[in-house]
Amino acid sequence: MRNVFLRGRDLFRWADNFLFKLPIIGQYLYLRQLIKFLVVGATSAAINFLFLYFLTEWLGIWYLFSAVLGFIVAAAFNFLVNKFWTFSSLGKGKKALNQLLKFLVISVSGLIINTLVIYCLTEFIEFDYRLSWVFACAVVTVWNFCFNKFWTFR
């Protein structure tokens, strides 16, 4: 388990070095953080979608319930990686608990937005639930970055 953690840390170090060397991006902290946030978000989205698809298509679970479960798993991954890599927030104890509570507020509100968008697009506009999920992810990504950058991990 320790080797997996060390390899993951090396991957993050490599990505940091790569981003820092890129023209323009390497010069601006906000831009590097946005790129990192998008990479973490894309990975979280993949985790979320895999849960959504697997639970709905293979196990026959209602698509909204699957979406909520996928969102929760992806949010846990998202918090840890964004805290330590994207925003390099090494706070411990009370500060870390404060960040977690803020993150949970943003995540729960993001989950509500996500679920409403998926439901409305699927039930009222008759989009496929997977396409509805894509639109919901776009909306929630903007929401999450803004609030996490300027409130949770500032």
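The values are calculated or read from the model by the stated rules, or taken from the named source; none is laboratory data. Note that this is a predicted model, so its numbers are computed, not measured. Positions of Cβ are generated from backbone atoms using ideal geometry, with glycine treated the same way; all protein chains shown enter the neighbour counts.
What are the residues in region 52-73 that are hydrophobic (A, V, I, L, M, F, W, C), touching a Leu at 6+ places or on another chain (Cβ under 7 Å) and closer than 15 Å to R130 by Cβ, if any?
L55, I61, A67, F71, listed by residue number.
(1) loosely packed, with under 14 Cβ neighbours inside 10 Å; (2) aromatic (F, W, Y); (3) modelled with pLDDT of 90 or more: which one isn't true of Y30, the others all being true?
Exception for Y30: condition (3).
Could you please find all residues in region 67-98 being hydroxyl-bearing (S, T, Y) and within 15 Å of T141 (Cα to Cα)?
Residue satisfying the conditions is T86 alone.
Can you name the condition, by its number, that V68 falls short on among (1) β-branched (V, I, T); (2) modelled with pLDDT of 95 or more; (3) under 23 Å from L100 (Cβ atoms)?
The one condition V68 does not meet is (2).
Can you pull out every residue in region 52-75 that is loosely packed, with under 14 Cβ neighbours inside 10 Å and either outside any helix (DSSP H, G or I) or in contact with a Lys or Arg (Cβ under 6 Å, 6 or more places away or on another chain) (or both)?
Within region 52-75, L59, G60, W62 meet the criteria.
Go over the candidates F37, F49 one by one and state the one that is under 16 Å from V134 (Cβ atoms) and either surrounded by 14 or more Cβ atoms within 10 Å (Cβ to Cβ) or modelled with pLDDT under 90 (or both).
Step by step, each of F37, F49 is checked, and only F49 is under 16 Å from V134 (Cβ atoms) and either surrounded by 14 or more Cβ atoms within 10 Å (Cβ to Cβ) or modelled with pLDDT under 90 (or both).
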